[in-house]
Amino acid sequence: MANNLWISPGKMKRNHKQSGFSYIIVLVAVLLVGIMAQVTYQQSSYLRQRDNEAELLFRGSAYRNAIKAYYNANPTLKRYPKRLDDLLEDPRQPGRRFLRQLYPEPVSKEGQWIVLHGEGGGIVGVASPSEDEPLKQAEFQPALVHFEDASRYRDWEFSYFPKTKAAKKK
């Protein structure tokens, strides 16, 4: 009687309508997982670029404000810093600081700023070397309104130029 319960695999009848159904379900599941992974990667890449862009605006503005404060620190001798390190400690007035630290550039892989020099050789600002297209295209703070519609981060120049007396009277 025990022999009657055992059926050899070759003698089992298969329903041909169901063959391969599990395989198709597994393929669909793998496809859905792949699509979800791609969407997640794109979303995280977008969020990373947005965060780096916000950090670029913060750090670049910090440099611009420090250069402005350095320039205006001495009312009789207005000049730009010769080196970025001068923003950490003013060589004209030891102990005076305009930045807590030299911030690395957050968008490019190298982390180096392009230093913008003025006519006298002093540093008037910094810019990112990145050729990537910015996400933000409008609604900048008034000092950075010239960033609107820039086609690359390289066009975002965080520089300070004092207003002339003629421009102040207008």
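The values are calculated or read from the model by the stated rules, or taken from the named source; none is laboratory data. Bear in mind that the values here come from a model prediction, so they are computed numbers and not experimental data. Glycine gets a Cβ as well: all are built from the backbone with ideal geometry, and neighbour counts include every protein chain shown. Accessible surface is based on the protein model in full, side chains and every heavy atom, while ligands, DNA and RNA are left aside. Shrake-Rupley method; radii C 1.70, N 1.55, O 1.52, S 1.80 Å.
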Sorting 130, 22 on solvent-accessible surface, 1.4 Å probe, most exposed first, gives 22, 130
Give the separation of the Cα centroids, the stretch 93-170 to the stretch 23-42, in Å. 44
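Kindly report the accessible area of the stretch 23-166 per residue (heavy atoms of protein chains, probe 1.4 Å, no ligands, DNA or RNA), in Å². Walk me through the intermediate numbers first.
Details: 9280 Å² over 144 residues.
That works out to 64 Å² for each residue.
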Label point 7 Å beyond Cα of residue 115 along Cβ direction - residues of the stretch 69-106 with amide nitrogen under 11 Å: 81-87
Going out from 0 in 5 Å bins, what whole percent of all Cα-Cα distances in the stretch 46-151 drops into each bin? 2, 12, 21, 23, 18, 13, 7, 4, 1, 0
Ignoring ligands and nucleic acids, what accessible area does residue 50 show with a 1.4 Å probe (Å², nearest 10)? 120
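With a 1.4 Å probe and all protein chains left in place, how much of the accessible area of the stretch 53-170 comes from carbon and sulfur atoms, in whole percent? Don't jump to the answer; show the numbers that get you there.
Working: 3540 of 7210 Å².
For the stretch 53-170, the apolar C and S fraction of the accessible surface comes to 49 percent.
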With all protein chains in place and a 1.4 Å probe, residue 87 shows an accessible area in Å² (nearest 10) of 0
Can you tell me the length gained on complete extension of the stretch residue 101 to residue 55, counting 0.36 nm per residue apart and subtracting the Cα distance? 15.1 nm
What distance in nm separates the two pseudo spin-label positions at residue 78 and residue 44, each 7 Å out from Cα along the beta-carbon direction? 5.0
